[in-house]
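The values are calculated or read from the model by the stated rules, or taken from the named source; none is laboratory data. Note that this is a predicted model, so its numbers are computed, not measured. Cβ atoms come from the backbone with ideal geometry, glycine included; neighbour counts cover every protein chain shown. Protein only, heavy atoms only, side chains kept; ligands, DNA and RNA dropped before computing areas. Shrake-Rupley method; radii C 1.70, N 1.55, O 1.52, S 1.80 Å.
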There are 2 protein chains.
Amino acid sequence: MLDKMIDVAVMASGGGTDFQSIIDASESGEIDADVKLLITNNPDAYCIERAKKHGIDHHVIDHRGKSRQEHEQEIIDVLEKYDPDLIVLAGYMRILTDDFVDRYHGKMINIHPALLPLFGGEGMYGEKVHEAVLEAGMKRTGCSVHFVTSEVDGGPIIDQRCVPVKNDDDPHSLAERVKKKEHELLPSVVGAFADDRVRLKEGEAVLVSEKDN
Amino acid sequence: MLDKMIDVAVMASGGGTDFQSIIDASESGEIDADVKLLITNNPDAYCIERAKKHGIDHHVIDHRGKSRQEHEQEIIDVLEKYDPDLIVLAGYMRILTDDFVDRYHGKMINIHPALLPLFGGEGMYGEKVHEAVLEAGMKRTGCSVHFVTSEVDGGPIIDQRCVPVKNDDDPHSLAERVKKKEHELLPSVVGAFADDRVRLKEGEAVLVSEKDN
């Protein structure tokens, strides 16, 4: 039997290193997933260059000058054309409406640079997360991939990884260390979707791993 | 120059596996610490047997029928006799008064079976912690050693470790996995005290490790 490949759409607003981690895992055959398209709201985002370089369709859908609903409808129109099996929010910096989130219930995931439920929610993005971790004096932090629900960063957690916090860390150095771990975690979760090892059951994420997590 | 040994007092209320982990690290020479005494409030606690087996003084100071102040004064009387460099709360199941805590500011530590500030505070002990972790759907949890302050489980974190949460975990199986990690973390922190690599500076715990954490 041939392995089934899943089609993946990525939404990003910035440099796209998480996006790149999925591309790399896909191209190396590590995961049975094709990255079919990138959607970005930021015409200047470097993730666009990554899409071009790897021959991945990209759609710049600028949010400026539009209502949230209008903007999301344009995204929906593109997504309907590709009908991806999985939508990955990889540093996508816009809050999504409940309607949008509900439409992709169970097939949209997000990566967050902390051990949720710690340091999540509105206003907790980018280096602010790592500032909060340092402020709390934590000696371990990490990253989380979760299903997207209407609660910001509050959906069922699919998987997490930890990294140490070092004495001389600043938010930037900590962000870099967490990013590296994100680039392991995110492809691993996408691969689990491709292998049908992730379920959203009764509002809970279940990750079935041969490697026993 | 001869290595300086520190004298350690342990306070525990139960089986004493964390206590045992310090004894083992001390006896093997892994850490420059002597476990000088055990204080327990529970006359039936198995930790007493461990103290006897390893020739460690033990003091059963039952809290029943005494005011909290009276009980703590008895503990203080014992501690003054031994004058330990470090007091380790290793599963000690009594809340301490601010007076007691202030007296040992910077030289009393506690181990908690979660990644503080998650799942700490009053009422969060034993398997309740692990129930809460499973309820939150976390895929990583861990343990923390922190300085004891008047805020229950809220003192500056000295060090932490992570463990995976597995799909088929119940609170008991998860507690067992975290315990194993506690038995690495706790001796490691006691060893750091012995080597003078832990400081409480302006209300923050700083762990200076050659191993770079």
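Annotations for the structure displayed:
- For the condition open to solvent by less than 10 Å² (accessible area, probe 1.4 Å) and either free of Cβ contacts under 8 Å to residues at least 24 places away in the same chain or in contact with a Leu (Cβ under 7 Å, 6 or more places away or on another chain) (or both), B:Val145 qualifies.
- Filtering the range A:107-150 to residues that are farther than 17 Å from B:Leu118 by Cα, part of a loop (DSSP other than H, G, I, E, B) and within 13 Å of another protein chain (Cβ to nearest Cβ) leaves only A:Thr149.
- Any chance B:His63 is surrounded by 16 or more Cβ atoms within 10 Å (Cβ to Cβ) and not in a loop (DSSP other than H, G, I, E, B): no
- Leading residue by the ranking (farthest from the other protein chains (Cβ to nearest Cβ)) among those in the range A:164-207 that are without any contact (Cβ under 8 Å) to a residue 12 or more places away in the chain and open to solvent by less than 80 Å² (accessible area, probe 1.4 Å): A:Ser173
- When restricted to residues that are surrounded by 18 or more Cβ atoms within 10 Å (Cβ to Cβ) and of a type in the set (Lys, Arg), the range B:37-53 contains 1.
- Condition check for A:Phe19 on (1) open to solvent by 10 Å² or more (accessible area, probe 1.4 Å); (2) part of a helix (DSSP H, G or I): one failure, at (1).
- Of all the numbered requirements in (1) more than 30 Å from B:Ala136 (Cβ to Cβ); (2) touching a residue at least 24 places away in the same chain (Cβ under 8 Å); (3) part of a helix (DSSP H, G or I), B:Lys52 misses one, and that requirement is (2).
- Identity of the residue in the range B:153-163, under 13 Å from the mean Cα position of the chain (by Cα) and open to solvent by 10 Å² or more (accessible area, probe 1.4 Å), that ends up nearest to B:Gly191 (Cα to Cα): B:Ile157
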